[in-house]
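First comes the structure, then the notes that go with it.
What follows draws every value from the coordinates through simple rules; no lab data is involved. Being a predicted model, the structure only gives us computed values, none of them experimental. We place every Cβ from the backbone using ideal geometry, glycine too, and count neighbours over all the protein chains shown.
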């Protein structure tokens, strides 16, 4: 065994292995910075190039890319409020709030140092537990996985803001939206409204960008100010963020442990681990008043967890050939492509290869975090640029990223539709994190529940693992209401002093209620297995939705559910009407349908810079050429597609 371990060390430090590892890290940094692509897209793009490479070089490149994408995805989450990947959604809540205070470099410093700690922790756990991990992973059956989904949903209380009713309904709304498409048990199509695009459900990338990125872009668009809102950029550099991580090192280690455990469980993946870590820090913190407004702990917790989960996800991938996440599924395909067979042999005769992979992961994390820290200061200066100059680039980025979900023009229209929903959710104080948690866990919860009932009947709830997770979920619910995260908390105190118009809120709540009623009607058209899950959720939501409507009708302005950020905010905060950014983006998509995305984005840039930003023709030409040129270069080298129009040329 010692000989095999020494052989792994020898392989690790060969110049060839290290060179390809650095290449993978650099590629991961580029792909991770571009929101919506993530590990799945990055690894998929890499597979054709590793075919024919030797085992050591191919593995090094794959691992370098896998390790660094969760780290580099933090750039857009913090700087622009755009989730860089599915595992960096929770970072937006406090990371972007810090950026708006002029502390972007501090947030990035804390994020990258936490990512480094989390990645190293995951690799260390893998090193020591790879031999005994097999029986532990086998303890998790479908019943335990279902309860883990419920445990994830138990975080909703702490992310519901000042109105638990709105949080519950927002989460239920997310679950119903996540139930659109084929039922896991029967394959019946639910709530597709005759739209072929919905057969496979709505892509997570599109929904995450819609609910988080779109409203932030819209708000900054209307305020016509820089992201940093006039704060001094130098306040809290990246070194201050590193010190914050050291100060909260035990929190980072706890969340890294959570990330490793959740990552090791096949099927849970990275789309939920950051929310579990974020819920944990909110529930255990003594002072909860700053969460959602720029608490550095809200950056440290999810970032340490999402990097550690890559190490955890390698366990079932290497030991069973069962991918622990979507990116690990593609990684497994890469292993097969270069002739490596995952399974029990990875802890016996191929243990040297296993340790090479684990320690390569650790080194790649160090390289990725180091490079990201180096770039944190200069890149954070983007937050000081006038937003009217940044807006076209951000709109271009989220549109291009959303289109990569299914390569269908409908991706863009869904981005716009749910983007409008996201705008109103933020404006009226409906918890967007609660909605996204519900959406992410909908399919998993339903699939595991169906399997559990078939395998264990209702005796599933008597299994020891299920009972343990149930107790943890109840404890989570209890601590959730001891403090909540509310992105509009600073405005809540003004609600009682305002004579708010209930009409906008009533219309939005009516839209949610209508969707609930449609889900009930649709559920009754399905078979028992196909309809029972969305029906149960819809019937739970129904009384809460009706109660909210009643509150709005009665105009009880002393109720926390009655909230309108736009009406409560200081006069003059918004310089444009709420629908103006929607018209601009909608116009871009209409043009894209007619002439294609690239010609449309060129015209969009020219029109926006001259009419909205009011800059000269020379500046307009330079910025347009830079933006479109970068997009074309990126698309060419990564072989990505652009939306084509009826008259594309």
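When the convex hull of the C-alpha atoms of region 506-545 is computed, what volume per residue in Å³ does it have?
For region 506-545, the hull spanned by Cα atoms encloses 46 Å³ per residue.
Note down the nm distance, to one decimal, between modelled labels 7 Å out along Cα→Cβ at residue 577 and at residue 407.
Result for the modelled spin labels: 4.0 nm.
Would you mind computing Rg(Cα) / (2.2 N^0.38 Å) for region 580-637, counting N as its residues?
Ratio of Rg to 2.2 N^0.38 Å for region 580-637: 1.14.
How do 113-122, 167-176 rank on mean C-beta neighbours within 10 Å, highest first?
Result, highest mean Cβ count within 10 Å first: 113-122, 167-176.
From the Cα gyration tensor of region 355-434, with a ≥ b ≥ c the square roots of its eigenvalues, which class applies: rounded if a/c is under 1.5, or else prolate if a/b is larger than b/c, or else oblate?
It is prolate, given that a/c is not under 1.5 and a/b is the larger ratio.
For region 397-444, list log₁₀ I(q)/I(0) at each q in 0.26, 0.29 Å⁻¹, using the Debye formula over Cα point scatterers of equal strength and ignoring solvent, two decimals each.
After summing over all Cα pairs, the log10 values are -1.00, -1.01.
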